[in-house]
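FYI, it's all coordinate maths here, none of it is from the lab. All of these numbers come straight from a predicted model, not from anything done at the bench. Please note: Cβ atoms are built from the backbone with ideal geometry, for glycine as well, and neighbour counts cover all protein chains shown.
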Amino acid sequence: MSRQAENGLPTVLDGLAFANEGAVAAGVVAVAALPRLAEGLADDTGCLDCRVTGSRDGDGRCWLTLEVSGTLGLVCQRCLKRLAFPVEIRNRLLLVPPGQAWPDEELAEDGFDAVAAEMEMALLSLIEEEVLLALPIAPMHETCATPVPVADEHESSPFAVLAKLKKGV
């Protein structure tokens, strides 16, 4: 069904078998272990608490519920300093077996996402994708601590030099 990693989470799992068994796996993932996520952060320190739960509903559909929490160090797009961003994700993912139709209309109405059910699903990649989708496009502090520069009265404007050239001074 799955290969267990040191952090308690399986590295690879058979999504349908995991869901059919109602299996649960939980562990801590280092941010540095998620390379696509880490490259866009202010730093790759910290960890994310992760939990994945498999289930099957009354209609025979298989689900994974993915829960991720922690704090990431994003880069504020206003002051370019570190911004502590709390992550709280709880997403239901419908596992779509090979050859089955994707439920396009249901996705928008019921608030879940669909993923392809594979015999070997890379769990860390799935976690990383969900975290990336939850990040803001342009993170910013509510108020930045960067002081607004005050112009010095004695400092000449760069245009003053041009004005002198124009006058022939």
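Under the rule of at least 5 residues apart or a separate chain, name every residue whose amide H is placed under 5 Å from the amide H of residue 72. The answer is 85, 87. Between amide H atoms placed 1.01 Å from N, distances below 5 Å from residue 114 occur with 94, all of them 5 or more places distant or on a separate chain.
Quick check: net charge around residue 43, other residues with Cβ under 14 Å of its Cβ, Lys/Arg +1 and Asp/Glu -1? My count for the surroundings of residue 43 gives 0. When the GluC sites (Glu not before Pro) in region 11-69 are filtered for DSSP coil states and for at most 16 other beta-carbon atoms within 10 Å of their beta-carbon, the remaining sites are 39.
Taking label positions 7 Å along the Cα-Cβ direction at both residue 33 and residue 133, the computed distance is 2.1 nm, reported to one decimal.
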